[in-house]
Amino acid sequence: MTITFPDGFLWGGATAANQIEGAYNEDGKGLSIRDVLPHGLQAPPTEGPTADNLTLTGIDHYHRYAEDIALFAEMGFTVYRFSIAWSRIFPHGDDTEPNEEGLAFYDRLLDELEKYGIEPLVTLSHYETPLHLARAYGGWRNRKLIDFFTRFARTVMQRYHGRIRYWLTFNEVNAILHNPFTAGGIEAPRQQLSETELYQAVHHELVASALATKIAHEVDPANQVGCMILAVPRYGLTPHPDDQRKAQYEAQLDYTFGDIHVRGEYPGYTQRYFRDHGIDLEITDADREALQHTVDFVSFSYYMSVAEAADPAAGERGGGNIIGGVVNPTLEASDWGWQVDPVGLRIILNDYWDRWRKPLFIVENGLGATDELIDGGPDGRTVDDDYRIAYLNDHLVQVREAIADGVGLLGYTAWGPIDLVSMSTVQMSKRYGFIYVDRNDDGSGTLSRYRKKSFDWYRQVIATNGGSLRD
Ligand code: BG6
């Protein structure tokens with residue numbers, strides 16, 4: 001018997017407010033950390049917003065959401081992952097009252113999704129901490145952020161009660177170890193932070209995530225809450241046990257996050273890491289109690305894998321999705337140096353399923369590539385993005401194999417179903433979409449939308465529940 005995608009498998013796409021909405025200062029929105037990062041991870045934050053920051057306008061989804069959602073519906077999406085911009089609801093983060101205009105925007109967006117029967121999957125914090133919380137409080141180093149975040153979570157969970165069932169707390173929660181400003185609102189280079197400061201911030205996020213889970217269940221027992229992990233399989237560069245152990249050691253730094261979200265306590269290997277590195281955290285009894293509120297499912301992003309070597313001089317270090325590693329000589333890389341590894345997705349799915357026995361959800365996967373707009377297609381202009389189709393097809397074939405392996409998987413949301421501003425490089429030219437957006441790196445362009453070849457390809461994948469995938 002051929003095992004394929006289960007009935008009711010959720011198919012769709014994923015975005016983040018700061019990468020698509022634009023309207024950075026409209027209708028009472030406050031600044032977020034992304035509004036001062038015109039060059040992404042490449043350069044330090046600016047004092048305030050600068051005209052060269054593509055994030056400020058994004059792809060103008062704030063005004064074009066209805067048109068965009070109609071295109072998602074045309075592809076047959078049954079789920080759409082987006083984030084609620086925290087600084088649209090609480091402009092400074094520490095406000096006591098929410099901004100009604102911000103709340104009303106997401107009401108309108110949900111109206112559109114309901115029109116087409118698309119299930120919302122909402123990220124509460126997707127690299128868009130209110131700037132004021134970073135600058136006045138030191139970001140997640142400060143325990144007060146737990147209260148500000150849970151106020152935000154409670155506000156939106158109550159407001160959208162019955163309309164949103166699936167919630168994610170922190171996007172790529174483990175990324176804070178690698179990029180403290182983007183992922184933790186901590187405006188200090190990683191090297192300048194002590195391990196204790198960094199892990200105290202991690203701890204605050206973990207407690208906030210657990211409390212948001214508790215609130216979600218109190219507000220509506222039907223709510224399902226997931227953690228969200230940046231998944232990067234790590235292979236030993238050679239079969240030497242030292243390389244294998246190095247790969248395991250690096251993987252454990254990330255497993256910590258899932259282990260705590262699923263099991264409600266710090267694992268032994270993390271406690272040892274703390275001892276070995278002189279890390280002494282403030283963990284209260286109330287914190288330990290809070291962590292008991294564990295997640296209903298585990299979600300993750302997957303783009304690439306890396307290799308690890310015990311000898312720091314072995315192998316060349318490659319680019320990557322916040323987390324980098326040693327270049328794996330058996331794999332090809334994307335134009336941005338991310339090593340493409342479809343089988344790695346099957347490995348991660350099996351690994352996470354065996355480890356946590358929680359339903360999984362792939363909430364990001366895709367290929368950032370340069371596209372050429374040519375004449376043709378239903379809109380007069382299109383992109384022949386066979387490379388994107390090949391990438392997604394090959395990954396989805398491995399997802400299907402993992403399901404046949406017995407993995408419990410709720411759904412798949414491709415990253416950037418519509419071209420958006422890239423997170424790490426703040427470029428438009430790094431495109432992920434099934435829909436082309438006419439906007440260039442210098443900010444020029446009409447913002448018109450054009451269906452790419454992959455648009456119809458994904459529509460068929462969804463319509464056949466994966467049956468049209470090619471081995
Ligand atoms: C993930 C992030 O790390 O990777 C997204 O959650 C991001 O926000 C995606 O866009 C792809 O990265 P980039 O840098 O190509 O946009």
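Worth pointing out:
- Solvent exposure ordering (accessible area, 1.4 Å, most first) of E218, E21: E218, E21
- Counting charges near D311 (Lys, Arg +1; Asp, Glu -1) among other residues having Cβ under 15 Å from its Cβ returns a value of -2.
- Net charge contributed by nearby residues that have their C-beta within less than 12 Å of P417 (K/R +1, D/E -1): +3
- Surface composition of the stretch 254-335: carbon and sulfur atoms hold 44% of the protein heavy-atom accessible area at a 1.4 Å probe.
- Using Cβ point charges alone (K and R +1, D and E -1), the dipole size of the stretch 271-342 about the Cα centre works out to roughly 120 debye.
- Distance between the stretch 342-406 and the stretch 220-237 - C-alpha centres, whole angstrom: 16 Å
- Solvent exposure of the chain amounts to 37 Å² per residue of accessible area, where only protein heavy atoms count and the probe is 1.4 Å.
- Loop GluC sites (Glu not before Pro), the stretch 336-410 (other Cβ atoms within 10 Å of the site Cβ: 10 or fewer; DSSP): E372
- The stretch 352-471, accessible surface, carbon-and-sulfur percent (1.4 angstrom probe): 45 percent
- Virtual spin-label span in nm between E67 and R381, 7 Å along Cα→Cβ: 1.2 nm
- Net charge over other residues, Cβ less than 13 angstrom from the Cβ of G325 (K, R count +1; D, E count -1): -3
- For the stretch 344-432, the Kirkwood hydrodynamic radius comes to 14.7 Å, computed from all pairs of different C-alpha atoms.
- Counting only lysines at least 8 places from K29 when in the same chain, those with an alpha carbon closer than 26 Å to its own are K144.
- Around the Cα centre of the chain, unit charges on the Cβ atoms of Lys, Arg, Asp and Glu (plus for the first two, minus for the last two) sum to a dipole of about 640 debye.
- A Stokes-Einstein calculation at 20 °C with viscosity 1.002 mPa s, built on the Kirkwood radius of the stretch 285-396 over Cα pairs, returns a diffusion coefficient of 126 µm²/s.
- Phi angles across the stretch 354-369 convert, under the Karplus curve 6.51 cos²θ - 1.76 cosθ + 1.60 with θ = phi - 60°, into 3J(HN,Hα) values of 5, 6, 10, 6, 10, x, 9, 8, 7, 10, 7, 5, x, 10, x, 9 Hz, Gly and Pro given as x.
- Packing, as the average of other Cβ atoms within 10 Å across residues, places the peptides 156-163, 173-180, 53-60 in the order 173-180, 53-60, 156-163, highest first.
- Protection proxy ranking, highest mean first, for peptides 278-288, 91-101, 344-354: 344-354, 91-101, 278-288, where packing is the per-residue count of other beta-carbon atoms within 10 Å, averaged.
- Eligible lysines near K358 by straight Cα distance, threshold 28 Å, same-chain separation 8 or greater: K214, K246
- Once the Cα gyration tensor of the stretch 46-125 is diagonalised, semi-axes √(5λ) in Å: 25, 17, 10
- Working note: Debye formula, equal point scatterers on the alpha-carbon atoms of the chain, no solvent; log10 I(q)/I(0) at q = 0.06, 0.12 Å⁻¹ is -0.24, -1.05.
- Accessible area in the full protein assembly, largest first, 1.4 Å probe, for K430, K29, K358: K358, K29, K430
- Stretched out straight at 0.36 nm per residue, the stretch from T46 to E100 would grow longer than its current Cα-Cα span by 16.6 nm.
- Euclidean distance between Cα centres, the stretch 84-107 to the stretch 118-164, Å: 10 Å
- Percent of beta bridges antiparallel (DSSP, the chain, rounded to nearest 5): 20 percent
- Ellipticity estimate at 222 nm from DSSP helix runs (n ≥ 4, -39,500 (n - 2.57)) divided over the chain, nearest 500: -11500 deg cm²/dmol
The values are calculated or read from the model by the stated rules, or taken from the named source; none is laboratory data. Given the structure is predicted, the values throughout are model-derived calculations rather than measurements. Reconstructed Cβ throughout: ideal geometry from the backbone, glycine too, with neighbour counts over all protein chains shown. With ligands, DNA and RNA removed, areas are computed over all heavy atoms of the protein, side chains included. Shrake-Rupley method; radii C 1.70, N 1.55, O 1.52, S 1.80 Å.
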